[in-house]
Amino acid sequence: LDDVRDDLTDVLLTEEQIHDKIAELARRIEADYAGRKPLLVGVLKGAVMVMADLARELRMHIDMDWMAVSSYGAGTKSSGVVRILKDLDTDLSGRDVLIVEDIIDSGLTLSWLLGNLQSRGAASVKICALLRKPDAAKVEVDVEYIGFDIPNDFVVGYGLDYAESYRNLRGVAVLAPHVYE
Ligand code: PRP
Ligand code: MN
Ligand code: MG
């Protein structure tokens, strides 16, 4: 664990802060989707932790499905090229879809995904993202449920990776420059 800690500078969000925020978002989602059964679409792999915690926090019927799209590869910069690596198994016609994401960085992944899912005949498509970096936005995305706006640093943990590492950290931390320079 010590060698992991050497790779990090500040802890941005603790496990408890994340938990409290997800509970807050869950209460809003329960109210907004009362009497309906939304389909939560998790965006692999980053969204696994948010999805797991949000889904268990929701006291209502939901369905869960997953998509894998990637725009980053192994680097730290968004390439803007979105690829579907795994598509949904679920028919979206008439469904209330809630996309679950860990982070909105440039916004390119979500703006593409929003258009893609809307074109499949869903009744509604909304977005829930734990983190957003306003200073990194290249396109504006309309997000219904947002956890935290954070500075434009390279952050890892709670699903977020650098070259596939650090996803298993319980909190969100800033990656030390020596790791990627
Ligand atoms: C990361 C993150 C978001 C996306 C945000 O995923 O999990 O999905 O990038 O970036 P954007 O707003 O600039 O498009 P990544 O492509 O790294 O795949 P991963 O979830 O498997 O790590
Ligand atoms: Mn992702
Ligand atoms: Mg990634």
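The values are calculated or read from the model by the stated rules, or taken from the named source; none is laboratory data. In this text the structure is predicted, and so the values were computed from the model without any measurement. Every residue, glycine among them, receives a Cβ derived from its backbone with ideal geometry; neighbour counts consider all protein chains shown.
Summary of values
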read-out	value
Contacts under 8 angstrom Cβ, first residue in segment 116-127 being in a helix (DSSP H, G or I), partner at pLDDT 95 or above and among the β-branched types (V, I, T), 6 or more apart	L117/V41; L117/V97; L117/I99; L117/V125; Q118/V125
Enumeration of residues in segment 139-167 that are more than 11 Å from D7 (Cα to Cα), in contact with a Gly (Cβ under 8 Å, 6 or more places away or on another chain) and surrounded by 12 or more Cβ atoms within 10 Å (Cβ to Cβ)	V139, V141, G157, Y158, G159, L160, D161, R167
Matching residues, segment 37-57, being surrounded by 14 or more Cβ atoms within 10 Å (Cβ to Cβ) and farther than 29 Å from R83 by Cβ	E57
Strands (runs of 3 or more DSSP E) (entirely within segment 1-113) containing at least 2 residues that are aliphatic (A, V, I, L, M) and within 12 Å of ligand 2 (Cβ to nearest atom)	39-44, 63-70, 96-104
